[in-house]
Amino acid sequence: MFKKIDYYFLLAAFASLMASVALWFLLKLPLYGVYVGLWVPSILALWVGVRVALLARIVTNQNRRN
């Protein structure tokens, strides 16, 4: 179900979340923590866009064969 590229996006989103939490709680830099925390939905939205593009390419290739 998941492809190799999916794990990279999930890892990047998780790393961003952990960096955000570390900035907020451990380093007491809440504004930086919020800024980095905003990357998580952006990374996940980019992941969805990449998946849609890949699926569209697969569907287009299958339609050309038929």
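The values are calculated or read from the model by the stated rules, or taken from the named source; none is laboratory data. The structure displayed is predicted, hence computed values, not measured ones. Backbone-built Cβ (ideal geometry, glycine too); neighbour counts: all protein chains shown.
Can you give me the number of residues within segment 16-34 that are part of a helix (DSSP H, G or I) and free of Cβ contacts under 8 Å to residues at least 12 places away in the same chain?
Restricting attention to segment 16-34, the residues satisfying the condition of being part of a helix (DSSP H, G or I) are 16-26, 30-34.
Filter once more, keeping what is free of Cβ contacts under 8 Å to residues at least 12 places away in the same chain: 18, 22, 25-26, 30-32.
Within segment 16-34, residues that are part of a helix (DSSP H, G or I) and free of Cβ contacts under 8 Å to residues at least 12 places away in the same chain number 7.
Take segment 1-28 and flag every residue that is surrounded by 15 or more Cβ atoms within 10 Å (Cβ to Cβ) and farther than 28 Å from Leu55 by Cα. So that I can check it myself, show each step before the final result.
Step one: of segment 1-28, the residues surrounded by 15 or more Cβ atoms within 10 Å (Cβ to Cβ) are 9, 12-13, 16-17, 19-20, 23-24.
Across segment 1-28, the qualifying residues are Ala19, Ser20, Leu23, Trp24.
Between a first residue in segment 38-66 that is of a type in the set (Lys, Arg) and a second residue that is assigned to a helix (DSSP H, G or I), which pairs have beta carbons less than 8 Å apart while being 6 or more apart in sequence or on different chains?
Pairs that qualify, where the first residue is of a type in the set (Lys, Arg) and the partner is assigned to a helix (DSSP H, G or I), are Arg51/Asp6.
Taking into account only those residues within segment 49-66 that are surrounded by 11 or more Cβ atoms within 10 Å (Cβ to Cβ) and not basic (Lys, Arg), which is modelled with the lowest pLDDT? Steps first, please.
As a first pass, look at segment 49-66 and keep what is surrounded by 11 or more Cβ atoms within 10 Å (Cβ to Cβ): 50-51, 54.
Filter again for not basic (Lys, Arg), leaving 50, 54.
Values: Val50: 95, Leu54: 92.
Restricting to residues being surrounded by 11 or more Cβ atoms within 10 Å (Cβ to Cβ) and not basic (Lys, Arg), the top hit is Leu54.
Got a sec? Which of Phe2, Phe9 is outside any helix (DSSP H, G or I) and not charged (D, E, K, R)? Lay out the reasoning, then the answer.
Numbers: Phe9 fails: outside any helix (DSSP H, G or I).
Phe2 is the lone residue from the list that is outside any helix (DSSP H, G or I) and not charged (D, E, K, R).
When residues of segment 13-39 are filtered for being over 18 Å from the mean Cα position of the chain (by Cα) and among the aliphatic types (A, V, I, L, M), how many remain?
To start, the set of residues in segment 13-39 that are over 18 Å from the mean Cα position of the chain (by Cα) comprises 22-32.
Restricting the remaining residues to those that are among the aliphatic types (A, V, I, L, M) gives 22-23, 26-27, 29, 31.
Matching residues across segment 13-39 total 6.
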